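A.B. asks: My structure is below; once you've seen it, I'll send some questions.
The values are calculated or read from the model by the stated rules, or taken from the named source; none is laboratory data. Quick caveat: nothing in here was measured; it's all calculated off a predicted structure. We place every Cβ from the backbone using ideal geometry, glycine too, and count neighbours over all the protein chains shown. Surface accessibility is based on the protein's heavy atoms, side chains included, excluding ligands, DNA and RNA. Shrake-Rupley method; radii C 1.70, N 1.55, O 1.52, S 1.80 Å.
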Amino acid sequence: MAGGLFLAAQRGSAPAPAARSTPHRRSRPLLHGGVLLLIGLHLGIGVFFDALQVSVTAFVVEHGQPGAAAPIFAVSSCSGLPAGWLYGLRRWRAAPAVHLLIATGVLMPATWLLLTVGSPLHLGCLVVLTGATIPPLVALFSQLTESAVHPCVLTQAFSRLGSAGTAGSASAAALSGWAIDTLGPRGGFTVTATAVTAMTHHSLAGLRLFPAPANKPADTNKADTAGPMAVTNTQPGPVTGLHTRPGQDARRLASLKRPRPHRSTAETARDQPPNPPPQPGEKAQAASGRPACRPAAIPSTSSNGKASSSS
């Protein structure tokens, strides 16, 4: 109860509520291929949990060491703590469906090896491996559920998957009890190994039902040496680099990056306006090498008696 209350107090880990404008939850498909596969996985792990506990208890009682059951369960549970911490510590590149196949592929041979143990000590060493694979599996189940269903039906999906795990645990108690009464403790281990083998086959199908997340293509127009906001023009032209600020108009960047047509020297000279013809005095001054001088203004008298200047 204390653990549940502590988890409920972590408000930051709760998923964001669906918007009020989203369609009704009945319009969102819930029981499709990915969710049905996850239901089968939760059934299998429920059978694994209860069948293993009943079988371990029957095994140590058969060998005359009933008190060894508690240390074996403790070792199995404690081995999952560092495994779950190490798995969540790193961001993996492979898809979750690949991790699911690897985890079930490791758990399957470990459960079949339970049929070969001959003492509680050997059993305790083997359950370290089986217990270490459970936390990554539980984390992968939640991650795949969030990617397979719409957020507006996510709570409903988790409740159905939890019910599937509970149904698997309830059926495993009866099935493993019958197998132990008929075949001994190894009959219960057979039920455990069969459930994990079914989970491995479900994981193989998950490679097709759970596609890998798409990676964003890298932008080759970004300059590596000029910073994250630098754009380099790879086309011929006078613009070789451009440093931009966040919020600058993207259309201006696109126009600057557009290649400019190459013009020859003759075309450039043809498009320039012609120079005005030189005056006679300027020709003489240019021939003598001295600067041209304009004649001084000569004052003249107009008809009204006022002086005016004329060239």
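A.B. asks: By average Cβ neighbour count within 10 Å, what is the ranking of 190-198, 95-103, 62-70, 119-127 from highest down?
C.D. replies: Ranked from most to least packed, the peptides come out as 190-198, 95-103, 119-127, 62-70.
A.B. asks: Leaving out ligands, DNA and RNA, what percent of the accessible area of segment 63-168 is carbon and sulfur, probe 1.4 Å?
C.D. replies: 69 percent
A.B. asks: Hey, another quick one. How much accessible area per residue does segment 74-152 have, counting only protein heavy atoms and a probe of 1.4 Å, in square angstrom?
C.D. replies: Using a 1.4 Å probe on heavy atoms only, each residue of segment 74-152 averages 52 Å².
A.B. asks: From the backbone phi of segment 178-191, what are the Karplus-calculated ³J(HN,Hα) couplings (6.51 cos²θ - 1.76 cosθ + 1.60, θ = phi - 60°) in whole Hz, Gly and Pro given as x?
C.D. replies: After applying 6.51 cos²θ - 1.76 cosθ + 1.60, I find 5, 5, 5, 5, 8, 10, x, x, 5, x, x, 5, 5, 4 Hz.
A.B. asks: From the backbone phi of segment 193-202, what are the Karplus-calculated ³J(HN,Hα) couplings (6.51 cos²θ - 1.76 cosθ + 1.60, θ = phi - 60°) in whole Hz, Gly and Pro given as x?
C.D. replies: 5, 5, 5, 5, 5, 5, 5, 5, 5, 5
A.B. asks: Note the per residue figure in Å³ for the convex hull of the C-alpha positions in segment 36-111.
C.D. replies: Value for segment 36-111: 97 Å³ per residue.
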